[in-house]
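Student: Below: one structure in structure tokens.
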Amino acid sequence: MSWLGGHLGEIFQLAWQHAWLAGLPLLVGLAIALPLGWFASRNTRAYVALVTSAGLLYTIPSLALFVLMPLIIGTRILDPVNVVVAMTIYTVALLVRVVADGLQSVPDDVRSAARAMGFGVVRRLVMVDLPLGVPVIASGLRVAAVSNVSIVSVASLIGTHQLGDLLVDGFNRAFAPPLVTGIVGCLLLALLFDGVIVWGARVLTPWLRGGTA
Amino acid sequence: MIGAIWTWLTSTSSWSGDDGIPHRLLQHAGYSALVLVVAAAIAVPLGVWIGHSGHGRSLVTVANSLRAVPTLGLLFALTLVLQPHLQGNTAFLLPCVIALVLLAVPPILSGAYAGVEAVDPAARDAAKGVGMRPREVLRHVELPCALPLLMSGLRSAALQVIATATIAAYVGLGGLGRYLVDGIATNDYPRTGGGAVLVALFALVADIVGALVQARVVSPGLTGKGRRLARVDHPTVPSGATAS
Amino acid sequence: MIRFDGVTKTYADGTTAVDDLSLTAPTGKITVLVGPSGCGKTTTLRMVNRMIEPTAGTILIDGQDTAAMEPAAMRRGMGYVIQHAGLFPHRTVLDNIGTVPRLLGWDRRRTRERSLDVLERVGLSPDLAGRYPAQLSGGQQQRVGVARALAADPPVMLMDEPFSAVDPVVREQLQDEFLRLQAELGKTILFVTHDIDEAIKLGDQVAVMRVGGHLAQMAPPARLLARPVDDFVADFVGRDRGYRALGFRPTPKLPLRAEPTLVVGESPSDMSGQWCLVVDDRRRPLGWVRPGDLRGPVTVADLNRGGTVAVQGGSLRATLDAALSSPSGRGVIVDPTGALVGTVLAPEVVALVEEDRVTQAEAGSSP
Ligand SMILES: Nc1ncnc2c1ncn2[C@@H]1O[C@H](COP(=O)(O)OP(=O)(O)OP(=O)(O)O)[C@@H](O)[C@H]1O
Ligand SMILES: [Mg+2]
């Protein structure tokens, strides 16, 4: 406990850093995956191409991607941007398929009703497809959030600072408090992200709230 | 830098000895296979049973929330706790295997459970109706129909295990992760980058093998290939009724 | 023979799906269970092979209590056609059909031969053997479902709305094939449908059930049409039951008149004449023409094909329909090979119908 008390400031600093490294890629990744997934949902060939390449990207191990990032985008080896870009790639790879499937999950009769009412492509996307696809997209986002938080901790091994530093520190000194703090911190952060996404999805889908709760 | 990595990858010294690529690759494949076998031995029967019986669904939820535990932290904690009680190679291996198994169990469990759960109730009912006993229903209908999801759970677990087995090097184990960890420690970027390339290639090859196995074992009736609705042969209307 | 003795089924939630049901499905006959949705037909059927266990009462098959049999073994000896086919999606058509033979321990070759044989019997081409269920049309799937139930040649068949998911034309065809098959095989069949027309067409006897699982009436179809026991059955059987009952009355000897005919390519001799019947080279009727409408020899395009034809000695319903539907007012009667034997006028058929009614009423017997 005394260790914890003495290091609170540092811990919050690392947690804040961790939240950025894991959270920013979620937002950027979602912003990229939405148009890509929308395109894939309207075009079978694009769907196959995008989903296949996303699957391939997803096979690249995280540590390997962190290390190789400078080669691809020309950053310095210890630059945190490496981690953000790598995590964004993962997020996009995971979400493209989810978004495409989510937008396709809109029942056909709803879709044609929207067309019959004279909705254009964009209006239909914003007013029909996207809102109805929210639950599926949100569930994909939750998976991405939880795995991002866990993967980011590995970045300590390449010198990017976040909660993973506590894990490494605890291990190197065979000292439990930082190690436990690091694990619990990651769990809490994952829980927080998950809660925010669930809350956001609820706000965006008022029609699903009716009978339940 | 790419040139330096290439030089490292192609130099003869990288390919020989205990720290040579063949040996490290074999170690990496060995850990991954061991972990997958153990995880599958636990998660497949459990997931199939949950899907079959409908009992213990909360286990799947619990396993899925395990995904939020950072594997690196788990590995460190297990190593610190277990190592003093173990000797020799096991002292390094056991914590790693446990941490990686915990990583691999959730996707396999979800795949097995969702696969069996998603079997068309009509097919299950039909199996019972034609006189299959519960074991036969499982073997002849539920398992084959669950294979697409079960296989994708296994493949996703394999990818995660291969990727994460690299961090095992940090607690003193071998495998391709050694190049990454040692390279970072000695600021030897070609070695680090070469290791990263090797891990990525290995993961890719493993996934391709997984895809091939999946294509072989999954019935075409359950995949896109068999699903295209073939030309509908319209039967001719019996001509006796109307004429003249 | 399948016998229900005071069978009741109450589900865990308190719903009584079948209430004190007693009925007998005789050996070698088709017994149809019919009734509105939710009246307990499926429950009744599934209690026979113990997919559902009765709450009370006994079900006997050839005098043996099903409660004493081992369910799986018993089901293998009973064909079961499931509502909406219920095929195994991961197995080919042939493997679906061979399921029960394989369970019974037949070897691969014998199973294969038998499956191909059954496939053909239900009217499917052997080309479909290697397809998967998802590659079949709804009608084909239902036939495969019937084939699977037939594969091990069980003496008893349980069929739950086997023809429900197809369009009326295909359904009619499946029904005709089913009757032909049953004439060959003589199975003991319990057949569930919610379609009264199907029940009347297929059943040797029909059990009408009402919601709550009560048996309202059990009778051969003709009797059901003529003597519904109460308003519910009368209502369910439908409004035009008087006309449909004629489907079960044979046509007595008809006062047939000879009909002058033409063949395609001929020109009528009397250009002013009224309707004229056109036949093919084997005297099978093709259609009617009005010579006044013609500009030359008769072509196929000139034919009016509106009329139905009735086979000599067929039902009064078919005969009356031929007369009513003919553009000339003269109903076409053919022999069993389809060749013309003569025509008949609607009033003449109606007279026969009236005569039939009177003799029946005097005999005081039910049809
Ligand atoms: N497992 C069950 N638990 C509770 N009630 C049930 C169950 N299965 C059926 N029921 C109820 O029992 C009644 C009879 O159902 P059943 O399926 O036998 O009807 P059915 O005559 O076959 O109807 P349909 O023509 O729609 O197939 C219905 O009211 C139904 O809701
Ligand atoms: Mg039913």
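Student: Taking chain C as the reference, fit the longest principal axis to its C-alpha atoms, fit the long axis of helix C:108-121 to the helix C-alpha atoms, and give the angle between the two in degrees, 0 to 90, nearest 10.
Tutor: Rounded to the nearest ten degrees, it is 30.
Student: Before rounding to the nearest 500, sum -39500 (n - 2.57) across all DSSP H runs of length at least 4 in chain A and divide by the residue total; then give [θ] at 222 nm in deg cm²/dmol. Present the calculation step by step, with values, prior to reporting the outcome.
Tutor: On the way: 9 runs with 168 residues, N = 213.
So the helix-based figure for chain A works out to -27000 deg cm²/dmol.
Student: Okay, next question. Quick one: work out the % antiparallel among DSSP beta bridges in chain C, nearest 5. Don't skip to the end; give the middle numbers.
Tutor: Details: 31 of 55 bridges.
The antiparallel fraction comes to roughly 55 percent.
Student: With each label point set 7 Å from Cα along the Cα-Cβ vector, what nm distance links residue A:27 and residue A:42?
Tutor: 2.7 nm
Student: In addition: Between C:294, C:193, C:234, whose Cα lies farthest towards the positive end of the dipole of chain C when Lys and Arg beta carbons carry +1 and Asp and Glu beta carbons carry -1, centred on the Cα centre?
Tutor: Farthest along the dipole direction, towards plus: C:193.
Student: Further, regarding this structure: Using 1/(1 + (r/R0)^6) with R0 = 30 angstrom and r between the beta carbons of residue C:165 and residue C:12, what's the FRET efficiency to the nearest 0.05?
Tutor: Efficiency for this residue pair is about 0.55.
Student: Loop by DSSP (not H, G, I, E, B), at most 15 other beta-carbon atoms within 10 Å: where is the longest site-free stretch of chain A for trypsin sites (Lys or Arg not before Pro)? Provide the component values of the computation, followed by the final result.
Tutor: On the way: sites that count: A:76, A:173, A:209.
In short, A:77-172.
Student: Using only Cα positions of the protein assembly as shown, each an equal point scatterer, no hydration layer, compute I(q)/I(0) via Debye at q = 0.05, 0.06, 0.10 Å⁻¹ and quote the log10 values to two decimals.
Tutor: Those come out to -0.45, -0.60, -1.12, one per q.
Student: For the stretch C:243-286, state which trypsin sites (Lys or Arg not before Pro) are in a DSSP loop and have at most 14 other beta carbons lying within 10 Å of their beta carbon. Mind showing how you got there, number by number?
Tutor: Details: sites: C:244, C:253, C:257, C:282, C:283; in loops: C:253, C:282, C:283.
When the trypsin sites (Lys or Arg not before Pro) of the stretch C:243-286 are filtered for loop state and at most 14 Cβ neighbours within 10 Å, C:253, C:282 remain.
Student: Cut-off under 26 Å on the C-alpha distance; same-chain residues fewer than 8 positions from residue C:201 excluded. Which lysines are left, in chain and number order?
Tutor: In chain and number order, the partners are C:29, C:41, C:187, C:253.
Student: For B:130-142, what's the mean count of beta carbons from other chains sitting within 10 Å of each residue's beta carbon?
Tutor: Details: counts 18, 16, 6, 6, 1, 0, 3, 1, 0, 0, 7, 5, 0.
Taking all residues of B:130-142 together, the mean is 5.
Student: Just B:32, B:14, B:152 to compare: in a GNM of chain B, with alpha carbon springs under 10 Å, which one fluctuates most?
Tutor: With Cα springs under 10 Å in chain B, the top fluctuation among B:32, B:14, B:152 is at B:14.
Student: Residue C:334's amide H: which non-local residues (gap 5+, or another chain) put their own amide H closer than 5 Å, with H modeled 1.01 Å from N in plane and none for Pro or chain starts?
Tutor: C:310, C:311, C:312, C:341
Student: Give the residue from C:87, C:179, C:340 lying farthest towards the positive end of the charge dipole for chain C; charges sit on Cβ (+1 for Lys and Arg, -1 for Asp and Glu) and the dipole is referred to the Cα centre.
Tutor: C:87
Student: Here's something else I'd like to know. Quick one: Cα centre-to-centre distance for the stretch C:159-231 and the stretch B:186-212, in angstrom?
Tutor: 67 Å
Student: Place a +1 charge on the Cβ of each Lys and Arg in the stretch A:2-204 and a -1 charge on the Cβ of each Asp and Glu, then give the dipole magnitude about the Cα centre in debye, rounded to the nearest 20.
Tutor: Details: 11 positive and 9 negative charges, 124 e Å.
Dipole size: approximately 600 debye.
Student: How long are the three semi-axes of the equivalent ellipsoid for chain B, computed from the Cα gyration tensor as the root of 5 times each eigenvalue, in whole Å, largest first?
Tutor: 47, 25, 13
Student: How large is log10 I(q)/I(0) at q = 0.07, 0.12 Å⁻¹ when the Debye formula is applied to the Cα atoms of chain C, each weighted equally and without solvent?
Tutor: Debye curve over Cα of chain C, log10 I(q)/I(0) at q = 0.07, 0.12 Å⁻¹: -0.42, -0.99.
Student: Let me ask something else. What percent antiparallel are the DSSP beta bridges of the protein assembly as shown, to the nearest 5?
Tutor: Numbers: 32 of 56 bridges.
Here the antiparallel bridges make up roughly 55 percent for the protein assembly as shown.
Student: Continuing with the same structure: List residues of the stretch C:330-353, by number, whose backbone nitrogen lies under 16 Å from a label position 7 Å along Cα→C-beta of residue C:274.
Tutor: C:330-332, C:343-349
Student: What dipole magnitude, in Debye to the nearest 20, does the stretch C:2-248 give about its Cα centre under +1 on Lys/Arg Cβ and -1 on Asp/Glu Cβ?
Tutor: Numbers: 29 positive and 30 negative charges, 121 e Å.
It works out to roughly 580 debye.
Student: Taking Cα atoms, how many degrees apart are the long axis of helix C:138-150 and the longest axis of chain C, rounded to 10 and kept between 0 and 90?
Tutor: The helix C:138-150 is inclined about 60 degrees to chain C.
Student: Considering every residue in B:167-179, what mean count of other chain Cβ atoms within 10 Å of its Cβ is obtained? Could you put the intermediate results ahead of the total?
Tutor: Numbers: counts 6, 0, 2, 7, 1, 0, 0, 0, 0, 2, 4, 0, 1.
That works out to 2 on average.
Student: Further question: Please report the net charge: other residues with Cβ closer than 15 Å to the Cβ of residue C:1, K and R +1, D and E -1. Show your work: numbers first, answer last.
Tutor: Numbers: positive: C:3, C:29, C:187; negative: C:5, C:62, C:65, C:204.
Net local charge, residue C:1 excluded: -1.
Student: Follow-up. In the neighborhood of residue A:162, defined by Cβ-to-Cβ distances under 13 Å, what is the net charge if each Lys or Arg adds +1 and each Asp or Glu adds -1? Walk me through the numbers before you get to the answer.
Tutor: Working: positive: none; negative: A:10, A:165, A:169.
Residues near residue A:162 contribute -3 overall.
Student: Please report how far the C-alpha centroid of the stretch C:81-101 lies from that of the stretch A:154-212, rounded to the nearest whole angstrom.
Tutor: Centre-to-centre (Cα) distance: 49 Å.
Student: Still on this structure, please answer the following. So, with +1 on the Cβ of K and R and -1 on the Cβ of D and E, and no other charges, what is the size of the charge dipole of the protein assembly as shown about its Cα centre, to the nearest 20 debye? Present the calculation step by step, with values, prior to reporting the outcome.
Tutor: Values: 69 positive and 64 negative charges, 190 e Å.
Dipole about the Cα centre, nearest 20: 920 debye.
Student: What are the extents of the Cα atoms of the stretch A:12-145 along their three principal axes, listed from largest to smallest and rounded to whole Å?
Tutor: For the stretch A:12-145, the Cα extents along the three principal axes come out at 55, 36, 21 Å.
Student: A follow-up question, please. If R₀ is 56 angstrom, what is the calculated FRET efficiency for the pair residue C:64 and residue C:239, using the beta carbon separation as r and rounding to 0.05? The partial results should precede the final answer.
Tutor: On the way: r = 43 Å, r/R0 = 0.77.
Efficiency computed from Cβ-Cβ geometry: 0.85.
Student: Let me ask something else. Would you work out which of C:30, C:140, C:211 lies farthest towards the positive end of the dipole of chain C? Charges go on Cβ: Lys and Arg +1, Asp and Glu -1.
Tutor: The listed residue farthest towards the positive side: C:140.
Student: Just checking the output field for C:89-99: average partner chain Cβ neighbours within 10 Å of each residue's Cβ?
Tutor: Whole-number average of other-chain Cβ neighbours for C:89-99 is 5.
Student: What's the angle, to the nearest 10 degrees (0 to 90), between helix A:62-73's Cα axis and the longest principal axis of chain A?
Tutor: So the inclination is approximately 80 degrees.
Only the coordinates and a few stated rules stand behind these numbers; no lab work does. Note that the structure is predicted; figures quoted are calculated from it, not measured. Cβ atoms come from the backbone with ideal geometry, glycine included; neighbour counts cover every protein chain shown.
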